[in-house]
Structure formats: C-alpha cells, structure tokens
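For reference, the structure discussed in these notes is given below.
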Amino acid sequence: VQLVESGGGLVQTGGSLRLSCAASGSTFSVHTMGWYRQAPGKQRELVATITPGSGITNYADSVRGRFTISRDRAKNTIYLQLTNLKPEDTAVYFCNHRTWLEDYWGQGTQVTVSS
C-alpha cells in the first residue's frame, strides 16, 4: 500500500483545511485507517481513525468536534476536515493504514496555523 497526502498549507486561527490521503495498491487487509500528526520536538500522536468496514470513527480529545475523518471507498481515499484551527494544531500530518502485519505511512503534509 502506498499513501500520498495532500491539502496542507498555511491558514489563520479559526480557518479550515481538508487533507486527503490517496491509497494505491490493495487495501483489502487494512483494518484501520487514520491520521496522525507530529509537531516539532514532540512525538507523533493520533488524530483520528476510521474502521473501513463499519465506518466507526475515533478522535483525539484535542480535536473532537473540530476535525472530521471520512472515507471515499470508490476513490480509495480518506479525508480529514480540519475546522476552527488553532496554533497548537500546527504539525506535519501523516496518513496511516494498518493491517495485522504492517503499518503504512504517507510522506506527510504540513499544516501551519498562524495566530
């Protein structure tokens, strides 16, 4: 599985962005899809996940109510809608697809929120 993110950028506090993650290759064995982020000097942290079969979503407390993860099965793409952005949301956002044997990661896309 290869993952390519897009949609990052520079936005002001309170603004919105939509990140996309397009997957190529077979995602048949992927049981969880999600987004993580890593700010400078910090560890990578979970942002949101979605279970492909059930559509069940999960969010970090810091983004719940502001971010929305979704999936377009036909396009083999997941999205992360970011709203009401805050400076502390500034980070590189990584797409992740997880099987029982492997973790697949995209190259990351930078989101910068100015105050």
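For Val30, the conditions (1) in a strand (DSSP E or B); (2) within 11 Å of His97 (Cα to Cα) are fulfilled apart from (1). When the range 33-73 is filtered for residues that are over 21 Å from Thr13 (Cα atoms), assigned to a loop (DSSP other than H, G, I, E, B) and of a type in the set (A, V, I, L, M), only Ile56 remains. Considering the range 1-14, the residues that are part of a loop (DSSP other than H, G, I, E, B) and surrounded by 15 or more Cβ atoms within 10 Å (Cβ to Cβ) include one that is farthest from the chain's Cα centre (by Cα), namely Val1. Is it true that Leu3 is among the hydrophobic types (A, V, I, L, M, F, W, C) and touching a residue at least 24 places away in the same chain (Cβ under 8 Å)? So Leu3 passes the test. If only residues of the range 35-50 that are in contact (Cβ under 8 Å) with a residue 12 or more places away in the chain and among the polar types (S, T, N, Q) are counted, the one that is most open to solvent (accessible area, probe 1.4 Å) is Gln38. I want to confirm something. Restricting to the range 15-31 and keeping residues that are modelled with pLDDT of 95 or more and not small (Gly, Ala, Ser), which single residue is surrounded by the most Cβ atoms within 10 Å (Cβ to Cβ)? Within the range 15-31, the match that is surrounded by the most Cβ atoms within 10 Å (Cβ to Cβ) is Cys21.
Condition check ((1) more than 17 Å from Ser6 (Cα to Cα); (2) at pLDDT 95 or above; (3) surrounded by fewer than 20 Cβ atoms within 10 Å (Cβ to Cβ); (4) of a type in the set (Phe, Trp, Tyr)) across all residues:
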| residue | (1), (2), (3), (4) |
| --- | --- |
| Pro52 | yes, no, yes, no |
| Tyr59 | yes, yes, yes, yes |
| Arg71 | no, yes, yes, no |
| Ile78 | no, yes, no, no |
| Thr83 | no, yes, yes, no |
| Lys86 | yes, yes, yes, no |
| Thr90 | no, yes, yes, no |
| Asn96 | no, yes, no, no |
| Thr109 | no, yes, no, no |
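If you take the residues in the range 98-107 that are part of a loop (DSSP other than H, G, I, E, B) and either charged (D, E, K, R) or open to solvent by 70 Å² or more (accessible area, probe 1.4 Å) (or both), which one is modelled with the highest pLDDT? Step by step, filter the range 98-107, then rank; the result is Gln107. A search for C-beta distances below 6 Å between a residue of the range 95-115 that is in contact (Cβ under 8 Å) with a residue 60 or more places away in the chain and any residue that is of a type in the set (Gly, Ala, Ser), counting only pairs 6+ apart in sequence or on different chains, returns Cys95/Gly106; Asn96/Gly34; Thr99/Ser29; Thr109/Gly8; Gln110/Gly8; Val111/Gly8.
The values are calculated or read from the model by the stated rules, or taken from the named source; none is laboratory data. For clarity, every value in this text was computed on a predicted model and none was experimentally measured. Cβ sites come from the backbone with ideal geometry, for glycine too, and all protein chains shown count toward neighbours. Only protein heavy atoms, including side chains, enter the accessible area calculation; ligands, DNA and RNA are left aside. Shrake-Rupley method; radii C 1.70, N 1.55, O 1.52, S 1.80 Å.
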